[in-house]
Every structure is written in structure tokens, then in C-alpha cells.
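Input: a single structure, listed below in C-alpha cells.
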Amino acid sequence: MGGYRGTACEISRIILKHPDNAEAWYNRGNDRSSCGEFDGAISDYTVALKIGLRFRDAVNAYGNRGLARVETGDINGAIEDFSEIISREPKNFWMLRTAYLHRALLREMKGESIHAMEDRRLALLLSPNIKNNNNGG
């Protein structure tokens, strides 16, 4: 859901010098995730979120960690991450709609069809707004 800057080696050097740099942890998580290193990515996103990220980066980190958790089979953790995005109510309707749709799919996988249907309904309600407001977050 979010982009990254730099390579894992470059970012790791920054982290060694500045372990409280949340953006570096977030960027390394993105790099690791793009390389299929999902456990490392989850760990990095978790540290970044604990240190503290700007609102938009935090929302992206929850989404990216949720996707990485799906890859590792942690469905409950992924649902928690997409639920966190929803609770933060980003003004970016596309991001909010995407969180509802991901959570719906995961809930369906768990056999929670009533909750999945409600998430899909809420995502559909957001759909008309996507053309009008797809920026900010």
C-alpha cells in the first residue's frame, strides 16, 4: 500500500545509526516485503508503528503489515491490521474501501460470512466517493 526509498542495506545502516527512526524501519519493511521476506517485513512494520509514524505512513504500514501477515498465514493479525485502518478513518476513500474489502475476504476465509457481507456493504457505500476524493489520508 505504500512505497519505499532505498535498499535494505542502506536503510539498515540508517537504522543502526538512528534506531528511533520510524520511517527507516517502515521503508525497510517495504523493501523486505517486496522481496518476499514477510516475517522480517512484519517485524520492521511493528517497530515503526511502535516508534510512531505520521498518520498516512501509519495507515500504510498497517495495510502493508496486514498484507504481509496474509502471506505468512496470520489471518487474525491481518484482520486486526485492516480493522486498525478502518478505526483510524482515513479521508482517502480508496484506502478505506480497500481495508474493508481485504477484511471481508479474510472474514469469509474464517467462515464469518455475516461480518464479511457487512464489510462488503460498507465498501460499496464508499465506492461512489472514490471518484470525488481519492487523495489525502
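The values are calculated or read from the model by the stated rules, or taken from the named source; none is laboratory data. Note that the coordinates shown come from a computational prediction; the quantities given were computed from them, not determined experimentally. Cβ coordinates were reconstructed from backbone atoms using ideal geometry, including for glycine residues, and neighbour counts include every protein chain displayed.
A quick yes/no check of all residues on (1) assigned to a helix (DSSP H, G or I); (2) modelled with pLDDT under 95:
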site: ARG5; (1), (2): no, yes
site: ILE11; (1), (2): yes, yes
site: ILE14; (1), (2): yes, yes
site: ASP31; (1), (2): yes, yes
site: ASP44; (1), (2): yes, no
site: LYS50; (1), (2): yes, no
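Among the residues of region 14-38, write down those that are more than 18 Å from LYS50 (Cβ to Cβ) and aromatic (Phe, Trp, Tyr).
PHE38
Which members of region 67-100 meet the condition of being among the acidic types (Asp, Glu), part of a helix (DSSP H, G or I) and without any contact (Cβ under 8 Å) to a residue 24 or more places away in the chain?
Step one: of region 67-100, the residues among the acidic types (Asp, Glu) are 71, 74, 80-81, 84, 89.
Checking the rest, the ones that are also part of a helix (DSSP H, G or I) come to 71, 80-81, 84.
Listed by number, the residues that qualify are GLU80, ASP81, GLU84.
Scan region 59-72 and give yes if some residue there is over 30 Å from GLU10 (Cα atoms) and either touching a Cys at 6+ places or on another chain (Cβ under 8 Å) or not hydroxyl-bearing (Ser, Thr, Tyr) (or both), otherwise no.
No: zero hits.
Please go through region 78-114 and give me each residue that is under 11 Å from the mean Cα position of the chain (by Cα) and within 20 Å of ALA22 (Cβ to Cβ), ordered by number.
Answer for region 78-114, where residues must be under 11 Å from the mean Cα position of the chain (by Cα) and within 20 Å of ALA22 (Cβ to Cβ): GLU80, ASP81, GLU84, ILE85, MET95.
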